[in-house]
Amino acid sequence: MSALPILDLAQLDRGGPAAEAFRTDLREATHDVGFCYLTGHGIPDDVVAGAFAAAERFFALPDEAKRAVEMLRSPHFRGYTRTGGELTRGQVDWREQIDLGAERSTWDHPDAPAYMRLEGPNLWPDAQPELREVFTDWERRCTVVAQRLMAAWALSLGGPADRFDGLFGDRPSTLIKLIRYPGREERGQGVGAHQDPGVLTLLMIEPGKGGLQVERDGDWIDAPAVPGAFVVNIGELLEFATDGYLKATVHRVVSPPPGETRLSIPFFFNPALDSTVPRVELPPELAARARGVTADPDNVISGTFGDNLLKARLRAHPDVAAAHHADLVSALAR
């Protein structure tokens, strides 16, 4: 397999056999390799171009303006991370980024689980007021696409279309990252090999750029940008829910060559932090092909999304963890 499958979401609008074919193709793509491209999603080209233009303007801000919203200021792991400031599996990722989560009030109930510390406000840069408007709109548009995909998966797995709705409720844990990968001679780790900890990722890559690689049978498949298309992949929770029938696939990004940069905008659509994902009862013909959940002693998957996300955040941003959550760092070390 030298390329990821390309699926057209507009087939759902045609109904009948076309919609059924889309649902089957989506299920099989995410069973087989865990990734696909998605066209026909309905987000206009000018909106996509506007999102990349806003991201480019953010990264062009003076360092002082970006540091004013650095993640170290946020106990909720929101805000700007300098190049080299994030880790994957203990290794440095060579990218700069800003994390923009669901805009919420701080969750300050004294008996709340530790993962509820992740809810709170974003850090929006005063030097670029339009960033909030652009990416609040992007969140809304991507959420619509994600909800359509979740319903398609639910039907394709033999259940009702609303099977997964209760996981998200009125508090889905959405996250947008604006990411800039600088070029470098050694073409090393832009972001290290990993699986996403949640349910669904919609990734838009700057036109004409490569670097994303998806693991398959011990090899790496290149997944360059397809004009106007999202790269779609599932996270660990859908693998957990389907006993490994759907596959959360390891992927990475290789740094661009010297003199080049690469922008990407991933959108993560995940359940409410306190949602526990139930095991899906699959039709017998699908259950027979379920591989079981990936066993990794260094990354034990919990059915509660907040547990998975908190663990991932503490490990990826040890400086933020030490500054705001020293008690959790001690517990994680044990």
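Going through (1) of a type outside the set (Lys, Arg); (2) more than 26 Å from VAL47 (Cα to Cα); (3) part of a strand (DSSP E or B) one by one, ILE265 falls short only on (2).
Does at least one position in the stretch 90-113 carry a residue that is touching a His at 6+ places or on another chain (Cβ under 8 Å) and among the small types (Gly, Ala, Ser)? Scanning the stretch 90-113, I find at least one residue that is touching a His at 6+ places or on another chain (Cβ under 8 Å) and among the small types (Gly, Ala, Ser), so the answer is yes. Among the candidates ARG104, ARG82, the residue that is at negative phi and touching a Gly at 6+ places or on another chain (Cβ under 7 Å) is uniquely ARG104. So, ALA127, is that one small (Gly, Ala, Ser), surrounded by 14 or more Cβ atoms within 10 Å (Cβ to Cβ) and closer than 30 Å to VAL293 by Cβ or not? Here the answer is no, as ALA127 does not meet what is asked.
Listed by first and then second residue, the pairs with beta-carbon distance under 7 Å, at least 6 apart or on different chains, first residue in the stretch 136-164 and touching a residue at least 40 places away in the same chain (Cβ under 8 Å), second of a type in the set (Ser, Thr, Tyr) and in a helix (DSSP H, G or I), are SER156/THR24. On the stretch given as the stretch 226-239, residues that are surrounded by 19 or more Cβ atoms within 10 Å (Cβ to Cβ) and either touching a helix residue (DSSP H, G or I) at 6+ places or on another chain (Cβ under 9 Å) or of a type outside the set (A, V, I, L, M, F, W, C) (or both) total 9.
When each of SER255, SER264 is tested for being of a type in the set (S, T, N, Q), touching a Phe, Trp or Tyr at 6+ places or on another chain (Cβ under 7 Å) and in contact (Cβ under 8 Å) with a residue 12 or more places away in the chain, the lone residue that passes is SER255.
Taking the criterion of being free of Cβ contacts under 8 Å to residues at least 60 places away in the same chain and over 14 Å from TYR181 (Cβ atoms), the residues of the stretch 63-89 that qualify are ASP63, GLU64, LYS66, ARG67, ALA68, VAL69, GLU70, ARG73, HIS76, ARG78, GLY79, TYR80.
The residues listed here are ARG141, ARG216, ARG184, ARG180; of these, the one that is of a type in the set (Lys, Arg) and in contact with a helix residue (DSSP H, G or I) (Cβ under 6 Å, 6 or more places away or on another chain) is ARG180.
For every residue, the table says whether it meets (1) within 30 Å of ILE98 (Cα to Cα); (2) of a type in the set (Gly, Ala, Ser); (3) without any contact (Cβ under 8 Å) to a residue 24 or more places away in the chain.
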site: PRO5; (1), (2), (3): yes, no, no
site: GLU20; (1), (2), (3): no, no, yes
site: THR24; (1), (2), (3): no, no, no
site: ILE43; (1), (2), (3): yes, no, no
site: VAL47; (1), (2), (3): yes, no, no
site: GLY50; (1), (2), (3): yes, yes, no
site: ALA54; (1), (2), (3): yes, yes, no
site: PHE59; (1), (2), (3): yes, no, no
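Just so you know, in the stretch 7-18 the residues that are without any contact (Cβ under 8 Å) to a residue 40 or more places away in the chain and part of a helix (DSSP H, G or I) include one that is surrounded by the most Cβ atoms within 10 Å (Cβ to Cβ), and it is GLN11. The conditions of being of a type in the set (D, E, K, R), in a loop (DSSP other than H, G, I, E, B) and surrounded by fewer than 21 Cβ atoms within 10 Å (Cβ to Cβ) are met by ASP111. For ALA223, the conditions (1) out of contact with any helix residue (DSSP H, G or I) (no Cβ under 9 Å at 6 or more places or on another chain); (2) closer than 18 Å to ARG89 by Cβ; (3) aliphatic (A, V, I, L, M) are fulfilled apart from (2). Within the stretch 147-180, the residues that satisfy the criterion of being in a helix (DSSP H, G or I) and either modelled with pLDDT under 95 or within 21 Å of the chain's Cα centre (by Cα) (or both) are GLN147, ARG148, LEU149, MET150, ALA151, ALA152, TRP153, ALA154, ASP165, GLY166, LEU167, PHE168.
Against the criterion of being assigned to a helix (DSSP H, G or I), surrounded by fewer than 23 Cβ atoms within 10 Å (Cβ to Cβ) and free of Cβ contacts under 8 Å to residues at least 40 places away in the same chain, ALA321 qualifies.
The values are calculated or read from the model by the stated rules, or taken from the named source; none is laboratory data. Just so it is clear, the structure is predicted and the values come from calculations on it, not from any experiment. Neighbour counts run over all protein chains shown; Cβ positions are idealised from the backbone, glycine included.
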